[in-house]
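> Below you will find the structure I want to go over with you.
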Amino acid sequence: MNVLVTGGLGFIGSHTCVELLNEGHEVIVVDNLYNSKIEVKNYIENITKKQVKVYIQDVCDKEGMKQIFKENKIDSVIHFAGYKAVGESVAKPLMYYENNLISTFSLCEAMLEAECYNLVFSSSATVYGTPERTPIDENCRLGPTTNPYGTTKLFIEQILTDLQFANSKLNIALLRYFNPVGAHESGLLGEDPKGIPNNLMPYIVKVASKELEKLHVFGNDYDTHDGTGVRDYIHVVDLAKGHLCALNKLNTEKIGIDCYNVGTGVGYSVLDMVRAFEKENNLEVPFVIDPRRPGDVATCYSNPDKSCKELGFKAMKTIEDMVRDSWKFVENS
Ligand code: WQD
């Protein structure tokens, strides 16, 4: 099957391209390199020993997207392209709304014109806002979201729902990611954020490599087993495989549009992650307890049953795999 991957040179996109190629699919990537680099194309080809076709262009460019569909017979699309930094979205909301929404409009118009109807969309657990209950299942209340990034994901889910209602041939899976971490075992692909990382794992890695002095733990007075925030961390390779499960579902069944949590169903605290990282990698991660980060919730982890039952997806990698692979990527860089 020919699969177009928007944002395919990014963290999750590149890992998904590897799994797609390993499964025998033809992969076409469109990426504007805003949060990635062209060398990732070589890494993907090095790992899989297969070619990937890359268009370096912006998904917001509607005519450019239509041209890609003219030049390639595309059967399905996985849409990763979009800005994703929570903190940045609070400071630059217009940039986030414009880019994340316009890119989706542009893609969908090109898909409909080319009569391409299978779409997997990269959504996020942030659409649940402050969780109504944990573990979170897909019937939990959506919103209110706590940042513009999460709001763009919620808006896009609604936009795609309306679009599918108007174009019944569309077949759409909305994947709600929890906390993606880790890296490909080769050490060639991984999370490589520019500047000071917002997220926990890239920050831990920079402290372990002594690029940053110490980890700031945002609060240890939450109602959790050790007082620090609990999240559902999922290995990025498991997450990538979850996209293939969704793609296979769309190619075998007309679902119209439906949403699926992609997580492990297990919650780990900040200090659980620190201690696992130190033990697995025999490294120290000095930390200091800081005040809570505004917008954080105490506990957020998934009920993964629907993805398991309906997509046949189950995360297999352990917390040890996550922290070992995260470090190996940096050691290899
Ligand atoms: C995890 C835990 C922090 C950094 C975000 C997005 C979500 C998704 C994943 C895209 C929390 C604590 C963190 C640090 C810390 N991204 N922490 N010190 O906020 O759960 O989710 O990333 O889809 O949409 O919202 O992830 O890694 O920022 O935080 O103590 O320097 O680590 O308080 O408990 P988060 P995170």
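> Suppose we filter segment 108-130 for residues that are within 16 Å of the ligand (Cβ to nearest atom) and aromatic (Phe, Trp, Tyr); how many remain?
Going residue by residue through segment 108-130, those that are within 16 Å of the ligand (Cβ to nearest atom) are 120-130.
Now narrow it down to the ones that are aromatic (Phe, Trp, Tyr): 121, 128.
So the count comes out to 2.
> Considering only residues that are within 11 Å of the ligand (Cβ to nearest atom) and assigned to a strand (DSSP E or B), look in segment 250-275 and name the one that is surrounded by the most Cβ atoms within 10 Å (Cβ to Cβ).
VAL262
> When only residues in segment 70-117 that are under 19 Å from TYR177 (Cα atoms) and among the polar types (S, T, N, Q) count, which is nearest to the chain's Cα centre (by Cα)?
ASN100
> To continue, here is another question. Among the residues of segment 312-320, are any crowded, with 18+ Cβ neighbours inside 10 Å and within 16 Å of the ligand (Cβ to nearest atom)?
Filtering segment 312-320 for residues crowded, with 18+ Cβ neighbours inside 10 Å gives 313, 315, 317, 319.
This time we only want the ones that are within 16 Å of the ligand (Cβ to nearest atom), so: 315, 319.
Among the residues of segment 312-320, at least one is crowded, with 18+ Cβ neighbours inside 10 Å and within 16 Å of the ligand (Cβ to nearest atom), which makes the answer yes.
> So, LEU189, is that one buried (at least 20 other Cβ atoms within 10 Å of the Cβ), touching a residue at least 24 places away in the same chain (Cβ under 8 Å) and either among the polar types (S, T, N, Q) or within 14 Å of the ligand (Cβ to nearest atom) (or both) or not?
When the stated conditions are applied, LEU189 does not pass them.
> On the given criteria, is LYS66 assigned to a helix (DSSP H, G or I), surrounded by 15 or more Cβ atoms within 10 Å (Cβ to Cβ) and among the charged types (D, E, K, R)?
yes
> Name the single residue, out of those in segment 136-172 being within 16 Å of the ligand (Cβ to nearest atom) and small (Gly, Ala, Ser), that is nearest to PHE80 (Cα to Cα).
My answer is GLY150.
> Run down ASN139, ASN167, ASN147, ASN171 and say which single residue is closer than 25 Å to LEU33 by Cβ and polar (S, T, N, Q). It would help to see each step written out before you state the result.
Values: ASN139 fails: closer than 25 Å to LEU33 by Cβ; ASN167 fails: closer than 25 Å to LEU33 by Cβ; ASN171 fails: closer than 25 Å to LEU33 by Cβ.
Matching residue, one of ASN139, ASN167, ASN147, ASN171: ASN147.
> For ARG133, only one of the following conditions fails: (1) within 16 Å of the ligand (Cβ to nearest atom); (2) part of a loop (DSSP other than H, G, I, E, B). What is its number?
ARG133 satisfies every listed condition except (1).
> Still on this model: Return the only residue of THR224, THR264 being out of contact with any helix residue (DSSP H, G or I) (no Cβ under 7 Å at 6 or more places or on another chain), within 22 Å of LYS84 (Cβ to Cβ) and modelled with pLDDT of 95 or more.
From the options THR224, THR264, the qualifying one is THR264.
> Can you find a residue that is within 22 Å of PHE178 (Cβ to Cβ) and within 10 Å of the ligand (Cβ to nearest atom) anywhere in segment 276-292?
Scanning segment 276-292, I find at least one residue that is within 22 Å of PHE178 (Cβ to Cβ) and within 10 Å of the ligand (Cβ to nearest atom), so the answer is yes.
> Mind listing whichever residues of segment 136-178 are in a loop (DSSP other than H, G, I, E, B), among the small types (Gly, Ala, Ser) and at pLDDT 95 or above?
Within segment 136-178, SER168 is the sole residue that qualifies.
> Is it the case, given these coordinates, that ASP305 is exposed (fewer than 15 other Cβ atoms within 10 Å of the Cβ), of a type in the set (D, E, K, R) and either touching a strand residue (DSSP E or B) at 6+ places or on another chain (Cβ under 9 Å) or free of Cβ contacts under 8 Å to residues at least 24 places away in the same chain (or both)?
Yes.
> Check SER89 against each of (1) in a helix (DSSP H, G or I); (2) among the small types (Gly, Ala, Ser); (3) under 25 Å from ASN248 (Cα atoms) and name the one condition it does not meet.
(3)
> Restricting to segment 1-19, count the residues that are over 17 Å from HIS235 (Cβ atoms) and in contact with a helix residue (DSSP H, G or I) (Cβ under 8 Å, 6 or more places away or on another chain).
Selection size over segment 1-19: 8.
> For the structure I just gave you, tell me whether GLU132 is surrounded by fewer than 18 Cβ atoms within 10 Å (Cβ to Cβ), free of Cβ contacts under 8 Å to residues at least 60 places away in the same chain, acidic (Asp, Glu) and under 20 Å from ASN248 (Cα atoms).
no
The values are calculated or read from the model by the stated rules, or taken from the named source; none is laboratory data. Treat the numbers as computed from the prediction; the structure is a model and nothing was measured. A quick note on method: Cβ atoms are made from the backbone with ideal geometry, for glycine too, and the neighbour counts reach across all protein chains shown.
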